[in-house]
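The structure follows.
What follows draws every value from the coordinates through simple rules; no lab data is involved. Being a predicted model, the structure only gives us computed values, none of them experimental. Neighbour counts run over all protein chains shown; Cβ positions are idealised from the backbone, glycine included.
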Amino acid sequence: MGKVDGKVALVTGGGQGIGRAIALRLSQDGFAVAVADLNQDTANSVAEEIKAAGGRAIALKVNVSDRDQVFAAVNETVEKLGGFDVIVNNAGIAPAKILEEVTAADIEKVFNINVNSVIWGTQAATSKLKELGHGGKIINACSQAGHVGNANLSVYSASKFAVRSLTQTAAQELAKYGITVNAYCPGIVQTPMWSGIDKDITSAKGKKQGDATEEFGSKITLGRLSTPEDVSAFVSYLAGPDSDYMTGQSPLIDGGMMFL
Ligand SMILES: NC(=O)c1ccc[n+]([C@@H]2O[C@H](COP(=O)([O-])OP(=O)(O)OC[C@H]3O[C@@H](n4cnc5c(N)ncnc54)[C@H](O)[C@@H]3O)[C@@H](O)[C@H]2O)c1
């Protein structure tokens with residue numbers, strides 16, 4: 001039996017990478033899971049994977065930068081899964097570029113997806129939890145790049161600093177509703193996103209693919225890159241009852257890349 005049977009979680013960007021691992025892990029913990037992604041096919045396949053393992057899940061096509069779509073996804077989650085307790089605002093993008101070349105369109109796109117999504121997800125979750133008359137948990141994807149500016153990832157880092165700030169503000173404003181708000185800050189996780197960052201950085205520097213991974217990876221105290229499951233184990237804690245006395249925090253889960 002899972003530790004939170006009967007509860008419901010919505011995970012954005014749940015179709016692949018860290019979001020997929022979170023959706024699978026929360027299902028093992030006993031949550032019914034709404035797997036929300038821009039990519040309907042990957043969302044479907046993760047929901048099917050959960051159901052095949054005996055869990056409850058639905059797949060939702062959602063663009064997290066669109067406020068109405070995020071509110072609609074929370075509503076559909078309640079209609080189809082019968083409740084709502086946790087939102088994991090996980091979806092994000094990380095285009096790599098040197099600061100001198102950043103355009104207005106780059107900034108708008110990254111902030112729409114990485115920052116606005118957290119605001120819309122926080123609003124939608126809060127509104128639904130108030131309507132349902134109980135508390136819940138809001139969990140945001142931050143990054144080690146949300147604690148220190150990363151070269152080649154200026155706009156991404158700025159967006160993750162914003163996520164850390166929003167996590168602190170929301171925690172203060174929502175405590176009175178029994179809602180806690182925390183974030184997770186991974187280091188280098190082996191997902192399609194990280195492969196893309198490595199490709200962007202190495203090709204801009206005329207190096208071979210994998211060089212950026214080697215360079216960043218050499219700074220990890222535990223001597224290996226992160227798996228998505230390293231991160232989902234921590235999100236399981238944030239989503240479950242053991243983290244009830246924690247709010248407004250953005251801890252690193254990075255294998256010891258940084259020491260705060
Ligand atoms: N991979 C890493 O090393 C790493 C490190 C620190 C933080 N993070 C953060 O963790 C989160 C997940 O990263 P990942 O590595 O699994 O990424 P990923 O690119 O592998 O997966 C992201 C998922 O989000 C979805 N998505 C993208 N834009 C969307 C949108 N507008 N609406 C809905 N869904 C959308 C994609 O379709 C994809 O399924 C991100 O917020 C990322 O910034 C990742």
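Is segment 58-130 rounded, prolate or oblate when judged by the Cα gyration tensor, a ≥ b ≥ c being the square roots of its eigenvalues, rounded requiring a/c under 1.5 and prolate requiring a/b larger than b/c?
prolate
How long is the gain from residue 242 to residue 208 if the chain were fully straight, where each residue apart is worth 0.36 nm and the alpha carbon distance is subtracted?
7.9 nm
Okay, next question. Lys and Arg at +1, Asp and Glu at -1: add these up for the other residues within a Cβ distance under 10 Å of residue 15 and post the number.
Net charge around residue 15: 0.
Could you please report the charge total around residue 240, scoring K, R as +1 and D, E as -1 over all other residues with beta-carbon less than 12 angstrom from its beta-carbon?
Surrounding charge for residue 240 is -1.
Can you work out the Karplus-derived ³J(HN,Hα) for every residue in segment 190-198? Use 6.51 cos²θ - 1.76 cosθ + 1.60 with θ = phi - 60°, whole Hz, and x for glycine or proline.
After applying 6.51 cos²θ - 1.76 cosθ + 1.60, I find 6, 9, x, 4, 5, 4, x, 5, 4 Hz.
As I understand it, the value is the acute angle between the Cα axis of helix 154-174 and the longest principal axis of the Cα atoms of the chain; what does it come to in degrees, rounded to 10?
30
Cα extents of the chain along the three principal axes, largest first, in whole Å?
Principal-axis extents of the Cα atoms in the chain, largest first: 53, 37, 33 Å.
Using the structure shown, select from 61/219; 128/199; 61/130; 61/137; 61/205; 7/219 the pairs with a Cα to Cα distance greater than 29 angstrom.
Flagged as over cut-off: 61/219; 128/199; 61/205; 7/219.
For the chain, with a Gaussian network of springs between Cα atoms less than 10 Å apart, report the residue from 240, 187, 54 with the top mean-square fluctuation.
54
Continuing with this model, one more query. Summing -39500 (n - 2.57) over the DSSP H runs of n ≥ 4 in the chain and dividing by its residue number, what mean residue ellipticity at 222 nm do you reach, to the nearest 500 deg cm²/dmol?
-14500 deg cm²/dmol
With everything on Cα atoms, drop me the angle between helix 17-28 and the longest principal axis of the chain, reported from 0 to 90° to the nearest 10.
Tilt relative to the chain: about 30 degrees.
OK, next. Suppose the chain between residue 215 and residue 199 were pulled fully straight at 0.36 nm per residue; how much longer would it get relative to their current alpha carbon spacing?
Here the answer is 4.4 nm.
Let me ask something additional. Taking 7 Å along the Cα-to-C-beta vector as the label spot, tell me the residue 229-residue 109 distance in nanometres, rounded to one decimal.
For the pair residue 229/residue 109, the computed spacing is 3.4 nm.
With r as the distance between the Cβ atoms of residue 177 and residue 258 and R0 = 30 Å, compute the FRET efficiency 1/(1 + (r/R0)^6) and round to 0.05.
0.40
Next up: In sequence order, what are the phi-derived ³J(HN,Hα) couplings for segment 129-141 according to the Karplus relation 6.51 cos²θ - 1.76 cosθ + 1.60 with θ = phi - 60°, rounded to whole Hz, with x for glycine and proline?
Values per residue, Gly and Pro as x: 5, 5, 4, 6, x, 9, x, x, 10, 10, 10, 10, 7 Hz.
Karplus couplings for segment 52-64 from phi (6.51 cos²θ - 1.76 cosθ + 1.60, θ = phi - 60°), rounded to Hz, Gly and Pro as x?
After applying 6.51 cos²θ - 1.76 cosθ + 1.60, I find 4, 8, x, x, 10, 7, 10, 10, 10, 8, 9, 9, 5 Hz.
Taking N as the number of residues in segment 118-260, what value does Rg over Cα atoms divided by 2.2 N^0.38 Å take?
The reported ratio for this selection is 1.15.
Also, quick follow-up: When the chain is fully extended, how far beyond the present Cα-Cα distance does residue 76 get from residue 40, taking 0.36 nm per residue of separation?
11.5 nm
Could you give the distance between the Cα centres of segment 90-169 and segment 179-232, to the whole Å?
Centre-to-centre distance over Cα atoms comes out at 17 Å.
A further question on this structure: Amide H of residue 34 versus every other amide H placed in the peptide plane: which residues, excluding those fewer than 5 positions away on the same chain, fall under 5 Å?
The list, which skips near neighbours in sequence, is 9, 10, 11, 58.
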